[in-house]
Amino acid sequence: MRHILLSAALSSLLCGSGLAQSQTQVISYQWLNQWCSNVLDCDEGCMACNMPGSTSAQFFGTNVAWIGVEVCPHPVANGDNAVGSFGWETDYSTDRYIVLSGMSVNAVQIDSIILRHARSANGPNRLKVAYARSMMEPATEVADLPIEHNFHTDVITDLGCLSTTPEDPFGSFQLLLTPFGSTTGGWYLDEVRIVATPCELSTGLEDVVEQREPYTGPWFDVLGRPVTGDVPAGVYIGGKRQVKVF
């Protein structure tokens, strides 16, 4: 990502946006054993809240959709569940997947997506992760990960910025998770975290400096006297108040 050096005046102006703009924002899915507006449950397992928490009201997520598979929450720790999903396929398929999405009212960089997951003895052993930086764009693969028997954490980085415009004030993303490698056993998802920070200002000098046509004279010295003929080395002011340095 490009880093632009700004003048002290411009940098001071940008820093006036406040401390909140520099803070990290996190959407966190933990499937805690508590009631909320969207609950997962099953006969053999527990219940789990299917809504995420967020550190900011300006960066938030939706409930998770489990497409083509059965789900059942199981306890991992006191009050904390992992969601087991069952009915995956041996080969990767676009018919069965897990999807979650989020939105931001500011332009933010998605710094990382953190997944904590495991599989049962006969569960799927691979996980494809696809990501889209807009609800209107197709998701593209960003990772193909091994799934271990014990809970482990995978981190995916460098996912770009979510942009906002006056016509579309919400930036959005969509995340698709697809385990595969077995038709039996289950995949257990314990936590998903999406970490974001404000996008860096990206501008070039051409956006700041006014472009002008080359000036050829007449020239005046610093006392305002006209200079004719060959202009010797020095500092002069032109008729358009441009400075010429030799």
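The values are calculated or read from the model by the stated rules, or taken from the named source; none is laboratory data. Owing to the predicted nature of the structure, the values given are computational and were not obtained by experimental measurement. Cβ atoms come from the backbone with ideal geometry, glycine included; neighbour counts cover every protein chain shown.
Structure notes:
- Search result, residues across region 125-151 that are part of a strand (DSSP E or B) and surrounded by 14 or more Cβ atoms within 10 Å (Cβ to Cβ): ARG126, LEU127, LYS128, VAL129, ALA130, TYR131, ALA132, VAL142, ALA143, LEU145
- Residue selected from region 7-34 under the condition of a type in the set (A, V, I, L, M, F, W, C) and at pLDDT below 90, by the criterion surrounded by the most Cβ atoms within 10 Å (Cβ to Cβ): LEU10
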